[in-house]
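Coordinate-derived values only; no laboratory data. Computed from a predicted model, the values in this text were never measured in an experiment. Here Cβ is always computed from backbone atoms with ideal geometry, including for glycine, and neighbour counts include all displayed protein chains.
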Amino acid sequence: MNNELPSFDELPAVFAISLDNLGAITLAGEEQIKYLQGQVTCDVSTLDQKKLLNGAHCNAKGKVFSAFRLIDRQGKFFLIQPTSSIEQSLAELKKFGVFAKVEIAHDSENAYLAIAGKQATKKMADIFQQVPDAQTPVVQENTSTLVYIAGNINRYIIIDNTETLAELSATFDLPIYNDSVWNLLEITAGFPQLAQQYVAEYVPQMLNLQAIDGISFTKGCYLGQETVARMQYLGKNKRALFALAGKDMAANIGDVIEKKLGENWRKAGDVLAVYQADNKQTYLQGVLANDIDNETELRIKTQNSNLTIQSLPYKLNTETE
């Protein structure tokens, strides 16, 4: 395992990430589509066609338990997400799942490995017969499920048992980083990372789910749908997810982000995820007012830190489906 923590600009052309803090909730059974369709924001009925869906699982008030990537692996639905958001989401899905012909579990049979970088596609093609892409984002080869993640850097998730992934890692012969580097890639890609303390705190639009095709506004009823629709059509949402960067500073999940107003500082938002590179470059994911000006001075509360808003690989003013 490589213990170095590079900044985004210092990442190698191709590298591996051991995704110890990534997991999945699985659903299987004859009513898995029908059941999940009534629980999450994405249109599960399109999974067979699209192969990969972004989505969120909300409570009745429209607050997000988990943001996930949904795939089908060998007949099971996998809601891939940070392990930090699995416990509460799993409990809620199971609570209502007793009334449907569906088996819901925390995936304990598989491990997760990422291959990323500018040369990641070429490296994947050296090992696998078919490499997933934007048109075919999920591919099954032998016992492995390969998932393509679109964004500002090529990424692939490989799902298989621990022994097979260990063999693949040896075959790849790449530098392997811990999954804090995955956090860096998620932050710069603008995919929400929900620490346990922020579970059930935000509605999906505050986490930019509408901008990454994570909300269907035409699928019909699901848990929390009324709140999500009200936010969309009545313009009630005033917050959004941002990527920020700073130099020579420290930050932690849960820190308060402040903005300067005249000579004073006022709360602007909260830190959801943090990555601290060895060169003292810090990357943050935070929820701020969605109309915040890029020129606004931002800092971590009580620090002389200077945070700048980073561009994301999508726009927030996407139209509804």
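Just a few scattered comments:
- Its relative contact order, with pairs defined as Cα atoms under 8 Å and 6+ residues apart, puts the chain at 21 percent.
- Diffusion constant of segment 15-189 at 20 °C, which comes from Stokes-Einstein with the Kirkwood Cα-pair radius and 1.002 mPa s, µm²/s: 129 µm²/s
- Net charge of the neighbourhood of residue 146, taken over other residues with C-beta under 14 Å away and scored Lys/Arg +1, Asp/Glu -1, is 0.
- Helical contribution to [θ] at 222 nm, DSSP H n ≥ 4, -39,500 (n - 2.57), averaged over the chain, rounded to 500: -5000 deg cm²/dmol
- Charging the Cβ of each Asp and Glu at -1 and of each Lys and Arg at +1, and nothing else, the dipole of the chain about its Cα centre rounds to 1020 debye.
- Efficiency of FRET from Cβ geometry, residue 289 and residue 4, R₀ 41 Å, rounded to 0.05: 0.70
- Taking every alpha-carbon pair under 8 Å whose residues sit at least 6 apart, segment 170-321 reaches a relative contact order of 28 percent.
- Listed by chain and number, the aspartates and glutamates placed with their C-alpha closer than 19 angstrom to that of residue 301 are 248, 255, 258, 263, 270, 293; residues fewer than eight positions away on the same chain are left out.
- The alpha-carbon atoms of segment 107-258, seen along their principal axes, cover 51, 46, 30 angstrom, with the largest extent given first.
- In a reduced charge model with +1 at each Lys and Arg Cβ and -1 at each Asp and Glu Cβ, segment 225-321 shows a dipole moment near 200 debye about its Cα centre.
- D (Stokes-Einstein, µm²/s), Kirkwood Cα radius, the chain, 0.692 mPa s at 37 °C: 162 µm²/s
- FRET E, pair residue 217, residue 74, Förster distance 30 Å, beta-carbon r, rounded to 0.05: 0.45
- Over 31 Å apart at the Cα level, from the set 95/219; 118/236; 50/247; 51/267; 76/236; 267/315, are 118/236; 50/247; 51/267; 76/236.
- Seen through its C-alpha gyration tensor, with square-root eigenvalues sorted a ≥ b ≥ c, segment 196-310 comes out prolate because a/c lies at 1.5 or above while a/b is bigger than b/c.
- Modelled this way, with points 7 Å down the Cα-to-C-beta line, the labels at residue 152 and residue 263 are 3.7 nm from one another.
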